[in-house]
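The values are calculated or read from the model by the stated rules, or taken from the named source; none is laboratory data. Since the structure is predicted, the reported quantities are computational estimates derived from the model, not experimental observations. Cβ: placed from backbone, ideal geometry, glycine included. Neighbour counts: every protein chain shown. Side chains are part of the model used for accessible areas, which takes the heavy atoms of the whole protein and leaves out ligands, DNA and RNA. Shrake-Rupley method; radii C 1.70, N 1.55, O 1.52, S 1.80 Å.
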Amino acid sequence: MVVLQKFTSFHQFNKHKLSSIQFFTCSVKPRKHHLSFKISCDYNKKLVLEFDPKIPIEEAITPPSSWYTDSCFYTHELNQVFFKGWQAVGYTEQIKEPRQYFTGRLGNVEYVVCRDDGGKIHAFHNVCRHHASLLASGSGKSSCFVCPYHGWTYGLDGVLLKATRITGIKNFKVNEMGLVPMRVAVWGPFILLNFENGVLPEQESDFDFVENQWLGSSSQILADGGVDSSLSFLCRREYTIECNWKVFCDNYLDGGYHVPYAHKGLASGLTLDSYSTTIFEKVSIQRCETGSAEKDQDFDRLGSKALYAFVYPNFMINRYGPWMDTNLVLPQGPRKCLVIFDYFLDSSVKGDESFIAESLEDSETVQMEDIKLCEAVQRGLESPAYCSGRYAPQVEKAMHHFHSLLYENLSD
């Protein structure tokens, strides 16, 4: 067995003084284009053009059902929507301490995010450079990453530390065999990854630029609305739903349209006439005042107002009362998605077990109601009786904005 001493990484990391953000250059071999590529592009282009974002919402029709059911279109979405720009993948408390890490998957990209002994955050493709085994799994704490297949070992900075039984190997350049890094950034309590290939442009080394790319002019509004790092993580719940990821997003973006019909319990605590929607570059924010018709006067889960922010393409931030919960919608195929709910709570009520239990029970009721709706919509989208629908102009502005952003990415 050959033990390798610690080497410098095979890529130069762009280091910055801002402790809350890091960036890396990344060189990934591009995918090869096969003969069918042009045919696929033409087909996807045809589907994209069936929606026209320039038509006013009062006259517009929704995207065709093929956007929600077609497997080729789904692959096109991954490349054009998810593998471009910044994507929320987790929260800072997951790697609060040095040596902590968590893993994830988006499309066919496996990743691992960690904090090294110096407190610096790193992100890498979670793939061993030897024979492509996944390196880490789940989350945890470790001083290094050891491949479960052949024992190759990497530091938390991605450097290859040990390669087993390679005596006799030739043309082996250790400084080219480290983990492939990914660009990572932190905004408030959220960790972001950028899945694009290629070298990081110099202008993206500025934190404000990343913030602007992800949140645009909504960033200060969210911060003022209590979306910050002051709340502490409480728990996570995951739901696998038999629907296209966009169905779940559409449901979130209908301006409370479905609430009085599908969520009678939730509706009793909201003043639905106060519902408002504000559109930003890649964010839409829905606000609603809350009523006093909760289960009893001693139980006030929603507080005096609720803020529901949708960050394109698949991240929701819900701030109400002492709570914040986030919904990360991960596509799993044309008709399946995984929705990850993370719950955060103000420290003033973190010891109130009955309040927490009742709040989570109410939230679970809403999620089950939404899952039933979304799965029913997916089945309807697959029916030959449906192609496209219409918008309710006064309430579904955020949904139309979402579809317009999709069109912009998909037609690029």
Simple spin-label estimate for L78 and S354 in nanometres, 7 Å along Cα-Cβ: 4.9
Within 11 Å, Cβ to Cβ, of E59, how many net charges do the neighbouring residues add up to if Lys/Arg are +1 and Asp/Glu are -1? 0
Among the aspartates and glutamates, which fall within straight-line cross-link reach of K350, defined as a Cα-Cα distance under 18 Å, with same-chain neighbours fewer than 8 residues apart omitted? E93, D228, D298, D300, D325, D342, E358, E361, D362
Can you list residues from other chains, or at least 5 along the same chain, whose modelled amide H is less than 5 Å from the amide H of G90? I191
Rank-order 53-66, 242-255 by packing density, defined as the average count of other C-beta atoms within 10 Å over each peptide's residues, highest first. 242-255, 53-66
Cross-link partners of K46 among aspartates and glutamates (Cα-Cα below 18 Å; sequence separation of 8 or more within a chain): D70, E77, E408, D412
Under 5 Å between amide hydrogens, which residues at least 5 positions from K305 or on another chain qualify, with H placed 1.01 Å from N in the peptide plane? T290, G321
Just grab the label-to-label distance for N212 and T278, each label 7 Å out from Cα along the Cβ direction, in nm (one decimal). 2.0
Point-charge dipole on Cβ atoms (K/R +1, D/E -1) for the chain, about Cα centre, debye to 20: 2320
Taking a ≥ b ≥ c as the square roots of the eigenvalues of the Cα gyration tensor, with a/c under 1.5 meaning rounded and otherwise prolate when a/b exceeds b/c and oblate if not, the range 239-392 is prolate
Return the tail of the calculated pair distribution for the range 144-282, meaning the percent of Cα-Cα pairs more than 18 Å apart. 76
Mind putting a number on the dipole of the range 59-191 about its Cα centre? Charges go on the C-beta only, +1 for Lys and Arg and -1 for Asp and Glu, and I need it in Debye to the nearest 20. 660
For the range 305-354 and the range 151-192, what is the separation of their C-alpha centers, rounded to whole Å? 33
Environment charge at C243 (Cβ cut-off 9 Å; Lys +1, Arg +1, Asp -1, Glu -1): +2
A correct Karplus calculation of ³J(HN,Hα) over the range 263-276, with 6.51 cos²θ - 1.76 cosθ + 1.60, θ = phi - 60°, whole Hz and x for Gly and Pro, returns 10, 5, x, 5, 4, 5, x, 10, 9, 5, 5, 8, 4, 9
Given charges at beta-carbon only (K, R positive; D, E negative), |dipole| of the range 126-199 in Debye: 260
Rounded if a/c under 1.5, otherwise prolate or oblate - the chain, Cα gyration tensor axes: oblate
So what does M177 come to for accessible area, using a 1.4 Å probe and Å² rounded to 10? 40
³J(HN,Hα), Karplus 6.51/-1.76/1.60, whole Hz, each residue of the range 161-168, x for Gly, Pro: 9, 8, 10, 7, 6, 10, 4, x
C-alpha long axis of helix 397-410 to longest principal axis of the chain, angle in °: 30
Would you work out which of A357, G333, L406 lies farthest towards the positive end of the dipole of the range 305-412? Charges go on Cβ: Lys and Arg +1, Asp and Glu -1. L406
Residue-count net charge about G151 - beta-carbon cut-off 10 Å; Lys, Arg +1, Asp, Glu -1: +2
